[in-house]
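K.L.:
Attaching a single structure in structure tokens format; questions to follow.
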Amino acid sequence: MTDTLARGGTTAAAPPHGPVTPEPVAPASPGPAPRRWGLSRRRSFARSGRAATVVDWTLIALLVGITLLSVVSPLLAPYDPVQPVGMPKLPPLSEGHLLGTDAIGRDTLSRVLAGLQTSWLLSVLVTALGLVIGSVVGVVAGMFGGWVDALLMRTTDVFLSLPSMLVAVAVSAALGPGLTNTVLAVLVVWWPYYARIVRGEVRALVARPHVEAARLAGAGWFRVMWRHVLPGVVPTAVVTASLDIGNVVMTLASLSFLGLGQPAPAPELGADTSRNLVEILDAWWIPLIPGLVVMLLSLLSNLAGDAVRNRLVRR
Amino acid sequence: METAAPPRPETPTAPASEDGPVARLGGLRVSLERNGVRTQVLHGIDLEIGRGEIVGVVGESGSGKSVMSQALLGLLPATSRPVVEGDLQAAGLDLRTASDAELREVRRTHLGVVFQDPMTSLNPTMHVGRQVAEKAGSAEEAVRLMRAVGIPQPERRYRSFPHELSGGLRQRVMIAMAVAGGPKLLVADEPTTALDVTVQAQVLDLLGSMRDELGCSIVLITHDLGVAAQVADRIVVMYRGRVVETGSTRQVLEQPRHPYTRGLLASRLSLDSDRTRPLWTLPVHATVPADEGCPFTARCAFRQDGCSAGVPVLAHVPAEDDGGAAAAVGHEVACFETARVAATAAGREELDPLPPLPEVGTGAPLVAAADVACTFQVRDERGRRADLAALRGVTFDLQPGESVAIVGESGSGKSTLLRVAGGLEKRFTGSLRGPSGTDVQMVFQDAGSSLTPWMTVRELLHERVRDAARPEREERVRAILDRVGLPDAVLDARPGELSGGQRQRVALARATVVPPKILLCDEPTSALDVSVAANVLNLVNELRRDLGIAVMFVTHDLAVARIVGDRIAVMYLGRIVELGRAEDVIADPQHPYTRTLVDAVPQPGRTVVPLAGEPASALDPPSGCAFHPRCPVALAECASTVTGIQLAAVDGRPTSDVARHEVACVRTGAAR
Amino acid sequence: MVRLRFLGFRLLSLAGLLLVLSLVLFLLQEISDADPVAATIGGNASPEAIAAARERLGLDRPPVERYLAYLGGLVTGDMGTSFRTHRDVTTDIATYLPATVELVLFAFVVALVLGVLFAVSSLLRWPLAGPFRGLLFVGSTAPTFLLGLVGLVVFYQLLGWLPASGRGGVTDGPTGMTLLDSLLAGDLAAAGDALQHLALPALALAVGPALAIGRVLRSSLTETLGSDFVRTATSKGLTEPQVLVRHVLRNSVNAALSMSALQLGFMFGGVLLVEGVFTWGGLGSYLAASLPVSDFPAIAGVTFVLGALYVTVNTVADVLQSVADPRIRVS
């Protein structure tokens, strides 16, 4: 008359597999294939098991690794990134210049390493700040509801309804060149996404009976938020943020491409492409290499973001 | 060996001809893939559906009854990569080898299906009439069918979207669609589970009359033996992917031969279950099913060592123990111990009576609500702002230690009353006195969502005893776990790792680890299997006796209300229409609506006369007595009673204490 | 009636958003350190000339008044004078807008086609579906300008299939859109030329949005295919195309529709990056030239026009959605 404890994978109400006649898993007779109608559901990317775990953790390790690398990357640069150090327009794999040199003979590898630092660290910073601001706004709106929620969310809606890239360009143009201003410009258009997502999660959780049950159990609003709401928001927020770093990398590079980053001759991935556009037919690697690095960063963030999701959702 | 269905001489093995069975499953085995793991769901089902026959397929969750119904329609979801073996024929077509075109043709002309939830089963962006016409062939035919299934103003409803219809009307649309084209076989998968009690009776009635008019066969899948008993000619009881007993409705109900069927029957609540003893319960699912032998062994009262040796196959119930050969025709059971089961009188062992209830005081009530009204701003189905009158003047009290069950259909305001009384809902008018804070605890319908998913049971329970000294906490937590019948091992489990019944026990443990003054229960058993639900009801009854807690228990099921309530309050559209001691309300209902509810409880061997119409909308309650449009004994004045109808004592009954019986009807007594 | 009210509500919020946009741009203009006086009459003017210019530009009036004047200008189509070209910003924008709109619209069509291919190729197992999806995914992680550059190197320099820069076809037609004007003129050769010039920049612009649209479409198709009412439709004996067209598509397009609108809007931002690479004479090039000299009237003008297009596109999508799904009007 008592429920037996069900744990782990044994909960499935699976009928016993008879040891006498093992259940055949494939059709016993060469009858028609199992009928499926219409479109079959996607099964690609449906990685499972150990291989998936290894791939996911490798990607997450790469994400951490690239962050550590970008902290020290200027120290790894073989040359001064702003001084001409060799023949101009050397192609990649030239002696002493792994990625070649630019139109006035500066070492591309050194410039890329320096650009990588600003690009990646700033992206992580923008994402983190956006997440923090957005989460605070989202949690406050979601927990309190009523007019607080209405006010905050209408504000967010307005931000989300305006074209982010254009607003970032305008803000950046108004504030003038410089790293801080670029970060501010992107941040202004970035936090509302997080506010919206976090608020949605919080509202969904607050509407669940478990929050009411927690209140009845005597938990105050802070405890309710801390123990019964926030832990449910964190996975979504972390996954969203890690998938988002790549977007920030691209947006920052785009602003820089438009000349809204640091003034020349500071090494910057986007600007190094746009300043060398004239070389594209002559020495294509000069404008292309910095752009490719942006792409690699963005690709890594996307893949690692998926890996983070796989790991978190698995629980 | 487990699938070795012996050839059964009495059934033709030839493909279905014009007068053969409408559908035939022979040794049907189905396995499905879930989350990459393949499970055998059906283990060799032998079943024939005769022409014009209604077959009720009964089983708890996990019995495979729904998978069987999907197989019967060729609708097994491709995503779970079904593997089907054995014989599977419907309407003369072998569904396993049929081409897509053949399959479509047979679905269009010979098969019909009614699913559980008509809201999700209808296309939300298409007019319901067009959806019927897709199968019926023309708009005129669709309108005719919609009229035939009792949809008022079918021409107008034709252009409605599903979300603009009530649940009952939606299910009628589904039925209209199912019977379009005059099918030979109708499969109804839990067609009434999502519906209110009175509407459920209507839909079952409609299904029965469809059979009578069209001569189609119906397979009625249900978890409720009572529902099957109401309309089925024959009942098939399934357990873990096998048929364990089959026979005519009378045979199965009156001479159940499988211990599981007996268990289902015995744990079924009815209006005459013994209230003074704990409910008889079937042991619930063992977590790890036995690897071999009869799958029911772990829960079986008749089990013997031999039961683990093999899987019993369906065999005829020996004629002699039925007292006559005629009685046993078609009655088959899959059990090694049939003889012993037959020799034991059907029924249940007597359980010790519950301790008597402490005398409920007549002093200061714990909760006193006077003329409480509660209106919410909502948007109606057309998007306009509207007032939803959840409570329209409720006067009610609850004595310390007393238990009151609140019964009503959806939209009656029963849950709102619960929340107002517990101080959880503050938007109301009228006066209310009652406990608040941690003196009020609540258990919810969906125990899973009422427990914080990422916290362990220990953390959840400790949260309630934070005031206690640290060493005392664990002790009290373990004590309450013991009281609700859970092993200490669950302390480190998260809710997702527990079964439905265990979660509801954890919820009860959390609510009572520090005994509250009042325990609010919002349909805590309606999502559970029959046998698990009985366990939870027993637990509620034990806890309130042991701890002296007052209980308010909301349910749509009168039989449940009778078990847990000292008193029963019947609600209709925001008002209490009848209030009295449980035995008085059930045995001698005064309000016509209560009478209907009592009649609508599916009870084997009793014909149900369904009440016409559906509950009116709380957005626009009828004037006067809100029940008058559906009331069989309404007078003209019922609609015009300006002040509304007040609860008044029934003649000749005590008026003052908890024994009083009140009714809100100008025709008091007319219900009888 | 409800539909009309919904429409009215959407139009009202559209107006509100444009108002906010104008306010944001005005405030940015206020905090920017660009000096309109120096820009109009030069840095070395006499104090009297500066004062006169200030008065002429209305800089001596209080901010609220200036904002209202700015707003009035926007409404009447006056967006000030460019510091750089010394022409009316409105005139400049009118000159460059058709090229940008043509590029964005063409790229949008490309993105829709690629997006639908992506979604469908995930559900059906086509040969080459995998490589196609992989390529689109990797491409979407590349910044738009990089895609343009790679396209340039591959299709112009290496293969010589497509032109590297500028616009082709009829360039002085009535609409200002080369492909459309060529077709209107009945000049197929010119149309082909216009198409060749459009291909690379449009593809570069379309890859990112195509993936976004494709993913959303795929997930809503998957969800709808698993829904109860599709099971009902199947159980009625409908054919697969009937189920797909009547039951699946209409219930799946909504999410894809709003994502498409969002992406169309994003493209008005992305176009800034592509035009520079292909020396496409549109608003992007105009803005790119204005940025280094802090020509704020021009920057604000372009931002306002493209921003207005963005919010309008999203509003239209909202209204279309409410037509597709009756439940939206309710909630």
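K.L.:
Near C:Leu136, within a Cβ-to-Cβ distance under 12 Å, what is the net charge of the other residues, with Lys and Arg +1 and Asp and Glu -1?
P.N.:
Net of charged neighbours comes to +3.
K.L.:
Next question, about the same structure. Send over the semi-axes of the protein assembly as shown's equivalent ellipsoid, whole angstrom and largest first, taken as the square roots of 5 times the C-alpha gyration tensor eigenvalues.
P.N.:
Semi-axes (√(5λ), whole Å): 65, 37, 32.
K.L.:
Same structure, new question: State, as an integer percentage, the relative contact order of region A:47-314 based on alpha-carbon contacts under 8 Å between residues 6 or more apart.
P.N.:
24
K.L.:
How high is the relative contact order of chain B, given as a whole-number percent (alpha carbon pairs under 8 Å, six or more residues apart)?
P.N.:
Contact order relative to length: 12 percent.
K.L.:
Out of all DSSP beta bridges in the protein assembly as shown, what portion is antiparallel? Express it as a percent rounded to 5.
P.N.:
Among the beta bridges of the protein assembly as shown, antiparallel pairing accounts for roughly 60 percent.
K.L.:
Could I ask something else about it? Return one number: the angle in degrees, 0 to 90 and rounded to the nearest 10, between the long axis of the Cα atoms of helix C:250-277 and the longest principal axis of the Cα atoms of chain C.
P.N.:
That helix lies at roughly 40 degrees to the long axis.
K.L.:
Taking accessible area as the heavy-atom solvent-accessible surface of the protein chains with a 1.4 Å probe, which residues of region B:240-281 lose no less than 50 Å² upon going from the isolated chain to the full protein assembly?
P.N.:
The answer is none; no residue qualifies.
K.L.:
Determine by what factor the alpha-carbon radius of gyration of region C:92-325 differs from 2.2 N^0.38 Å, reporting the quotient. Walk me through the numbers on the way to the answer.
P.N.:
On the way: Rg = 19.8 Å, N = 234, 2.2 N^0.38 = 17.5 Å.
Against the empirical 2.2 N^0.38 Å value, I get 1.13 for region C:92-325.
K.L.:
Restricting things to Cα coordinates, could you compute the convex hull volume per residue of region B:46-199 in Å³? Intermediate results must be reported in sequence, preceding the final value.
P.N.:
On the way: hull volume 20.4 nm³, N = 154.
Spelled out: Cα convex hull of region B:46-199, divided by residues, is 133 Å³.
K.L.:
Using a Cα distance threshold of under 24 Å, what count of lysine pairs results for the protein assembly as shown when pairs must be 8 or more residues apart or interchain?
P.N.:
Lysine pairs meeting both conditions in the protein assembly as shown amount to 8.
K.L.:
Check each residue of region B:83-99 and keep those whose accessible area, probe 1.4 Å, is at least 40 Å² smaller with all protein chains in place than in the chain alone; give them in order of residue number.
P.N.:
So the qualifying set is B:Val83, B:Glu85, B:Arg96.
K.L.:
With n ≥ 4 as the cut-off for DSSP H runs, can you work out [θ] at 222 nm for the protein assembly as shown, using -39500 (n - 2.57) per run divided by the number of residues, rounded to the nearest 500?
P.N.:
The helix-only estimate for the protein assembly as shown comes to -15500 deg cm²/dmol at 222 nm.
K.L.:
Need one number: % antiparallel among DSSP beta bridges in chain B, to the nearest 5. Walk me through the intermediate numbers first.
P.N.:
Details: 54 of 90 bridges.
The antiparallel fraction comes to roughly 60 percent.
K.L.:
Region A:180-194 to region A:202-253: how many Å between their Cα centroids?
P.N.:
Region A:180-194 and region A:202-253 have Cα centres spaced 21 Å from each other.
K.L.:
Another one. Can you give me the long-range amide H partners of B:Val551? Hydrogens built in the peptide plane at 1.01 Å from N, cutoff under 5 Å, separation of 5 or more residues or another chain.
P.N.:
For B:Val551, the qualifying residues are B:Glu402, B:Ser403, B:Val404, B:Leu519.
K.L.:
Determine the shape class of region B:445-511: with a ≥ b ≥ c the square roots of the Cα gyration tensor eigenvalues, call it rounded for a/c under 1.5, and otherwise prolate if a/b is greater than b/c, oblate otherwise. Write out the running numbers ahead of the final one.
P.N.:
Values: a/c = 1.84, a/b = 1.56, b/c = 1.19.
Prolate, since a/c reaches 1.5 and a/b exceeds b/c.
K.L.:
Just the number, please: buried accessible area between A and B, total of both chains, 1.4 angstrom probe, nearest 100 square angstrom.
P.N.:
5100
K.L.:
Against the longest alpha carbon principal axis of chain B, how many degrees, from 0 to 90 and to the nearest 10, is the axis of helix B:167-179 turned?
P.N.:
10
K.L.:
Kindly tabulate the residues in region C:144-160 with an accessible-area decrease of at least 50 Å² between the chain alone and the assembly of all protein chains, using a probe of 1.4 Å.
P.N.:
Output list: C:Phe145, C:Leu146, C:Leu149, C:Val153, C:Gln157.
K.L.:
What are the ³J(HN,Hα) values, in whole Hz, obtained from phi via the Karplus relation 6.51 cos²θ - 1.76 cosθ + 1.60 with θ = phi - 60°, for each residue of region C:185-190 in sequence order, with x given for Gly and Pro?
P.N.:
Residue by residue, region C:185-190 yields 7, x, 9, 5, 4, 5 Hz.
K.L.:
If you project the alpha carbons of chain B onto the principal axes, what extent comes out on each, in Å, largest first?
P.N.:
Result, largest extent first: 75, 64, 51 Å.
K.L.:
At a 1.4 Å probe, what is the % contribution of carbon and sulfur to the accessible area of region C:92-325?
P.N.:
That share works out to 71 percent.
K.L.:
Determine ³J(HN,Hα), in whole Hz, for all residues of region C:230-247 in sequence, where each value follows from phi through the Karplus function 6.51 cos²θ - 1.76 cosθ + 1.60 and θ = phi - 60°; x replaces Gly and Pro.
P.N.:
Once rounded to whole Hz, the list reads 6, 4, 4, 4, 4, 5, 7, x, 6, 7, 4, x, 4, 4, 5, 6, 7, 10.
K.L.:
How far is helix B:139-148 tilted, in degrees, relative to the longest principal axis of the Cα atoms in chain B, given as a value from 0 to 90 rounded to the nearest 10?
P.N.:
Compared with the principal axis, the helix lies near 60 degrees.
K.L.:
What is the spin-label model distance, in nm, from C:Asp172 to B:Arg34 if the labels are put 7 Å beyond Cα along the C-beta direction?
P.N.:
7.4
K.L.:
Would you mind telling me the share, in percent, of accessible area of region B:445-511 contributed by carbon and sulfur at probe 1.4 angstrom?
P.N.:
So the carbon and sulfur contribution to the accessible surface is 44 percent.
K.L.:
Taking amide H atoms as placed 1.01 Å from N in the peptide plane, list the residues 5 or more away in sequence, or in a different chain, whose amide H sits under 5 Å from that of B:Val187.
P.N.:
B:Gly112, B:Val113, B:Val114, B:Val219
K.L.:
Could you provide, to the nearest whole Å², the per residue accessible area of chain B with probe 1.4 Å?
P.N.:
Here the residues of chain B average 37 Å² of exposed surface.
K.L.:
Next up: Evaluate the distance, in nm, between pseudo-label points positioned 7 Å from the Cα of B:Glu637 and of C:Val245 along their respective Cα→Cβ axes.
P.N.:
According to this spin-label approximation, the distance is 6.3 nm.
K.L.:
Please compute the length gained on full extension between B:Arg147 and B:Ala479, using 0.36 nm multiplied by the number of residues separating them and subtracting their Cα-Cα distance.
P.N.:
Gain on extension, B:Arg147 to B:Ala479, equals 113.5 nm.
K.L.:
Another question, then. Spin-label point model (7 Å from Cα, Cβ direction): what's the C:Val116 to C:Arg56 distance in nm?
P.N.:
Here the answer is 5.5 nm between the modelled labels.
K.L.:
Near the amide H of B:Gly86, under 5 Å away, which other amide H atoms are found, from residues 5 or more places off or on another chain, if H is placed in the peptide plane?
P.N.:
B:Arg29
K.L.:
Leaving out ligands, DNA and RNA, calculate the buried accessible area for the pair A and C with a 1.4 Å probe, summed over both sides, in Å² to the nearest 100.
P.N.:
4400
K.L.:
Whole number in Å², please: accessible area per residue of region A:47-314, 1.4 Å probe, ligands, DNA and RNA not counted.
P.N.:
Per-residue accessible area for region A:47-314 comes out at 41 Å².
K.L.:
Please turn the phi angles of region C:168-183 into ³J(HN,Hα) values with the Karplus equation 6.51 cos²θ - 1.76 cosθ + 1.60 (θ = phi - 60°), one per residue in order, whole Hz, x for glycine and proline.
P.N.:
Values, residue by residue: x, x, 6, 9, 10, x, x, 8, x, 9, 5, 5, 4, 5, 4, 5 Hz.
The values are calculated or read from the model by the stated rules, or taken from the named source; none is laboratory data. All values reported here derive from a predicted model rather than from experimental measurement. Neighbour counts are summed over all protein chains in view; Cβ atoms, including those assigned to glycine, are modelled from backbone coordinates with ideal geometry. Just the protein is used for accessible areas: all its heavy atoms, side chains included, with ligands, DNA and RNA removed. Shrake-Rupley method; radii C 1.70, N 1.55, O 1.52, S 1.80 Å.
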